[in-house]
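Asks: The structure follows.
The values are calculated or read from the model by the stated rules, or taken from the named source; none is laboratory data. Since this is a predicted model, take the numbers as computed values, not measurements. Cβ sites come from the backbone with ideal geometry, for glycine too, and all protein chains shown count toward neighbours. Ligands, DNA and RNA are excluded from the accessible area calculation, which covers all protein heavy atoms including side chains. Shrake-Rupley method; radii C 1.70, N 1.55, O 1.52, S 1.80 Å.
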Amino acid sequence: NAGVTQTPKFRVLKTGQSMTLLCAQDMNHEYMYWYRQDPGMGLRLIHYSVGEGTTAKGEVPDGYNVSRLKKQNFLLGLESAAPSQTSVYFCASSLGTENTGELFFGEGSRLTVL
Amino acid sequence: GNSVTQMEGPVTLSEEAFLTINCTYTATGYPSLFWYVQYPGEGLQLLLKATKADDKGSNKGFEATYRKETTSFHLEKGSVQVSDSAVYFCALSRFSGGYNKLIFGAGTRLAVHP
């Protein structure tokens, strides 16, 4: 039972490079989320999706884009990476409207931008 | 607005000591409350939750009671183990904008020594 899987686990980028983080879930969840985790700041929501083909902005969306072409996948893109985007990124998923608020998280992707 | 405040860490304890991690919240209405735990190198996972006032969530020897009058959800454990060393996040959940929005505290690191 894989749950939520993120790739890659680690990545180092130079300023201005682009990359995509992939999140896949096998629980048939409707909702998916991308968070970033920074020291002393907890988790902040970047973008989220309430279903296939839909996306919406969270608290800190600037500099990121997302796509949800398939229900099980949620992609996070950085078009032009900046040092401020050095962080640990977590994908999560949850049930749909019957969701009680419990999220299922991936193991995280550590991104360093030089 | 909605927010969660946790006690700053790190909290360092000896094995079998009593643990309290304070959490208070600000929210309109009656949110659901959660404690998530993040073990080293892993994603967050739900530890316990409470959905209404005076509810007590419990799991793995941890407990927290939803106190509406003090807007608190303090995490307690009677006897900690080395394996409890992790970062603990308090969170609240509100349904807004078509999804259950989860707002996290900054996290409290717990280190338990033999």
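Asks: Taking B:Phe62 as the residue in question, decide whether it is under 18 Å from B:Ser3 (Cβ atoms) and either in contact (Cβ under 8 Å) with a residue 40 or more places away in the chain or within 14 Å of the chain's Cα centre (by Cα) (or both).
Replies: In short, no.
Asks: Here's something else I'd like to know. Test each condition in (1) open to solvent by 10 Å² or more (accessible area, probe 1.4 Å); (2) within 9 Å of chain A (Cβ to nearest Cβ) for B:Tyr36 and report the one that comes out false.
Replies: Condition (1) is where B:Tyr36 drops out.
Asks: Something else: Could you list, in sequence order, all residues of segment B:91-114 that are at the interface with chain A (Cβ under 9 Å from one of its Cβ atoms) and either assigned to a strand (DSSP E or B) or of a type in the set (A, V, I, L, M, F, W, C) (or both)?
Replies: Answer for segment B:91-114, where residues must be at the interface with chain A (Cβ under 9 Å from one of its Cβ atoms) and either assigned to a strand (DSSP E or B) or of a type in the set (A, V, I, L, M, F, W, C) (or both): B:Ala91, B:Leu92, B:Ser93, B:Arg94, B:Phe95, B:Tyr99, B:Asn100, B:Lys101, B:Leu102, B:Ile103, B:Phe104, B:Ala106.
Asks: Further, regarding this structure: Quick test for you: out of A:Thr20, A:Thr54, A:Thr7, pick the one residue that is farther than 20 Å from B:Ile103 by Cβ and at pLDDT below 95.
Replies: Exactly one residue qualifies, and that residue is A:Thr54.
Asks: Go through segment B:87-114 and give me each residue that's among the β-branched types (Val, Ile, Thr) and open to solvent by 10 Å² or more (accessible area, probe 1.4 Å).
Replies: Listed by number, the residues that qualify are B:Val87, B:Ile103.
Asks: Can you confirm whether segment A:60-82 contains a residue that is within 24 Å of B:Tyr88 (Cβ to Cβ) and within 14 Å of chain B (Cβ to nearest Cβ)?
Replies: yes
Asks: OK, next. Of the residues in segment A:32-48, how many are touching a residue at least 24 places away in the same chain (Cβ under 8 Å) and open to solvent by less than 10 Å² (accessible area, probe 1.4 Å)?
Replies: Number of matching residues: 6.
Asks: State whether one or more residues within segment B:42-56 are open to solvent by less than 70 Å² (accessible area, probe 1.4 Å), in a strand (DSSP E or B) and free of Cβ contacts under 8 Å to residues at least 12 places away in the same chain.
Replies: Within segment B:42-56 (the criterion being open to solvent by less than 70 Å² (accessible area, probe 1.4 Å), in a strand (DSSP E or B) and free of Cβ contacts under 8 Å to residues at least 12 places away in the same chain), the answer is yes, since at least one residue qualifies.
Asks: Would you tally the residues in segment A:43-59 being facing chain B (nearest Cβ under 9 Å) and closer than 17 Å to A:Arg110 by Cβ?
Replies: So the answer is 2.
Asks: Can you name every residue in segment A:60-77 that is charged (D, E, K, R), closer than 19 Å to A:Leu111 by Cβ and open to solvent by less than 10 Å² (accessible area, probe 1.4 Å)?
Replies: Matches in segment A:60-77: none.
Asks: Sort out which residues of segment A:1-23 are within 14 Å of chain B (Cβ to nearest Cβ) and aliphatic (A, V, I, L, M), and write them in order of number.
Replies: Matches in segment A:1-23: A:Ala2, A:Val4, A:Leu21.
Asks: Anything in segment B:12-33 that is open to solvent by less than 10 Å² (accessible area, probe 1.4 Å), over 21 Å from B:Ala111 (Cβ atoms) and outside any loop (DSSP other than H, G, I, E, B)? List them, or say none.
Replies: Within segment B:12-33, B:Leu33 is the sole residue that qualifies.
Asks: Continuing with this model, one more query. Out of B:Tyr30, B:Tyr36, I need the residue that is aromatic (Phe, Trp, Tyr) and under 26 Å from A:Ala2 (Cα atoms). Which one? Lay out the reasoning, then the answer.
Replies: Details: B:Tyr30 fails: under 26 Å from A:Ala2 (Cα atoms).
Testing whether each residue is aromatic (Phe, Trp, Tyr) and under 26 Å from A:Ala2 (Cα atoms) leaves just B:Tyr36.
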